[in-house]
There are 2 protein chains.
Amino acid sequence: MRRRLLEEAARLLGEEGPSALSTRRLAREAGTSTMAVYTHFGGMPALVREIVAEGFRRLVDRVAAVPVTDDPVRDLTAVATAYREHARADPQIYAVMFGSASLGGYRLHDEELDVGLAAFGQLVDVVRRGMDAGRLRRDDPAAVAGQFWSALHGYVSLELSGFHLVVEDPESQLLWPMLAHLLEGLSDDAHRSGR
Amino acid sequence: MRRRLLEEAARLLGEEGPSALSTRRLAREAGTSTMAVYTHFGGMPALVREIVAEGFRRLVDRVAAVPVTDDPVRDLTAVATAYREHARADPQIYAVMFGSASLGGYRLHDEELDVGLAAFGQLVDVVRRGMDAGRLRRDDPAAVAGQFWSALHGYVSLELSGFHLVVEDPESQLLWPMLAHLLEGLSDDAHRSGR
DNA sequence: GTCGAGATATAACACCGTTATAGGAGATGT
DNA sequence: ACATCTCCTATAACGGTGTTATATCTCGAC
């Protein structure tokens, strides 16, 4: 029953948006009563937290599935693709993950934040490999990964909001050039001049 | 009365978050009945749209107040500061502006999108000045401004979500280095090598 | 077979957005 | 001055929401 509720909740959230995710609607859809939500989760916000945590787990899986090549910079763009695909696969869930806008009084908690940091750790690893390979200037890998993430999340967020349409072909005019320019600024000068 | 409702709604949204912004609560707070919301705006979503539009107008004003110097790149960072300060001054309103998460069935409309594009136009102008001055590589100014905006919005969004804490001092380790590296990647090579 | 614990269903409370309806205030026309 | 007409307001109602208390049920342990 627990799983059934989670599945149905994620489906409702993904298909019809946050407003469709109500205790009663969910109970009806799952063929039970509203009490199930309280006995299994303790309330709607806690259930949403579980969905968010699951969203982060799926993000981790998706990034982990990106193959590791001998070109860390190329790997970074592959991670970016995986990240964006995750957001586009479940835009509503992504919005809840990062939208400070609350969904039914939901607020980020330590548990999900930890899962989110796990995903961030993967990115830090790729960045560190880039530094070890001499492709990125040596620096704090977490800081560099954070910069990459900020830019990537910014584009994805604007894309989901519809604001990316300030240009005709956002992916080829915004996303990839932005990451390329950022990586160029982050690149190891020696490697760049030697190329 | 119209203005009174808008002021009170913005106050409630800013002080207690989206969940506090209800028709009944707002009417009570403004000393009237719920009907006022419908006679003046036609419903809660339309009222939220007005608040969002006002938010964009305030953003435009804030950016317009940034002084124009003879260093367009420095101006860009000043615009970034103004942008970030706008978001931090009213985080909830910023979240509604860009959060694809709906607030009471609210959805972005053409009218507010136009006001948002006005703000974006200011940024395009600064970027174009940077190209004219030979500080930025010549390119489509809208695309470059969009890249800058994506990165900036990404950091601000993560900051409001609380995810910027992946590093100790996010502003000095994430925001400014990210923008600096992006600008370095965008800079005119001739100017850079000549420096 | 009985007992006890956990999950479920029902009903209630207060709140929500929205709408229909009735009343009031103020301007306008005669 | 009076009547009318329009705009705004207040009240009440409908269906929906999250949440809680209470009662029932089911099922495993002894």
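The values are calculated or read from the model by the stated rules, or taken from the named source; none is laboratory data. Every value quoted in this text rests on a predicted model; they were computed, and no experiment measured them. All Cβ positions, glycine included, derive from the backbone under ideal geometry; neighbour counts span all protein chains shown. Keep in mind that these areas ignore ligands, DNA and RNA; they rest on the heavy atoms of the full protein, side chains included. Shrake-Rupley method; radii C 1.70, N 1.55, O 1.52, S 1.80 Å.
Roughly what angle does helix B:110-132 make with the longest principal axis of chain B, taking Cα atoms, 0 to 90 degrees, to the nearest 10?
20
Angle, helix B:141-161 long axis vs. longest principal axis of chain B, Cα atoms, 0 to 90°, nearest 10?
Between helix and principal axis, roughly 60 degrees.
Taking a ≥ b ≥ c as the square roots of the Cα gyration tensor eigenvalues, with a/c under 1.5 meaning rounded and otherwise prolate when a/b beats b/c, else oblate, which class fits the protein assembly as shown? Let's see the in-between values first.
Numbers: a/c = 2.44, a/b = 1.30, b/c = 1.87.
Verdict is oblate for the protein assembly as shown.
Could you list the residues of region A:119-141 with an amide nitrogen less than 14 Å from a label point located 7 Å from the Cα of B:GLU184 in the Cα-to-C-beta direction?
Output list for this probe position: A:131, A:135-141.
At B:GLY162, with labels set 7 Å past Cα in the Cβ direction, how many nm apart are the copies from this one, shortest first?
Label-point distances to the other copies, shortest first: 3.0 nm.
Sequence-distant or interchain residues sharing an amide H contact under 5 Å with A:SER187, placed H: which?
A:ARG137
Provide an ascending nm list, one decimal, of label-point separations from A:TYR38 to the equivalent residue in each further copy; define each label point as 7 Å from Cα along Cα→Cβ.
3.1
Which value in deg cm²/dmol, rounded to the nearest 500, describes the helix-derived mean residue ellipticity at 222 nm for chain B, given -39,500 (n - 2.57) per DSSP H run of n ≥ 4 and division by the residue count?
Working: 10 runs with 137 residues, N = 195.
Result for chain B: -22500 deg cm²/dmol, rounded to the nearest 500.
Could you identify which residue out of A:MET35, A:MET131, A:MET178 has the top mean-square fluctuation in a GNM of chain A using Cα springs shorter than 10 Å?
A:MET35
For the rotation taking A to B, I'd like to know which residue in chain A has the C-beta closest to the axis, plus that distance in Å.
Taking Cβ atoms only, the nearest residue and its distance are A:GLY154, 1.
A:GLU85 to A:MET1: extension gain in nm, 0.36 nm per residue of separation minus the Cα-Cα distance?
Values: separation 84, 0.36 × 84 = 30.24 nm, distance 2.96 nm.
Working it through step by step, the gained length comes to 27.3 nm.
Run the label-point distances for B:ARG138 please: 7 Å along Cα to Cβ, every other copy, nanometres, shortest first.
4.0
Take every Cα pair under 8 Å in chain B that's 6+ residues apart, average their separations, divide by the length, and report that relative contact order as a whole percent. Walk me through the intermediate numbers first.
On the way: 174 pairs, mean separation 36.9, N = 195.
Relative contact order of chain B: 19 percent.
Nearest 10 degrees is fine. How inclined is helix B:72-89 to the longest principal axis of chain B, computing both from alpha carbons?
Relative to chain B, helix B:72-89 is tipped by roughly 20 degrees.
For the pair A and B, how large is the buried accessible area, both sides, in square angstrom to the nearest 100, if the probe is 1.4 Å?
On the way: alone 10500 and 10520 Å², together 17340 Å².
The contact between B and A buries close to 3700 Å².
Cα convex hull of region A:48-194: how many Å³ per residue?
Working: hull volume 16.0 nm³, N = 147.
Spread over its residues, the Cα hull of region A:48-194 gives 109 Å³ apiece.
Treating the beta-carbon of each Lys and Arg as +1 and of each Asp and Glu as -1, no other charges, what is the dipole magnitude of the protein assembly as shown about its Cα centre, to the nearest 20 debye? Don't skip to the end; give the middle numbers.
Values: 44 positive and 56 negative charges, 183 e Å.
It comes to approximately 880 debye.
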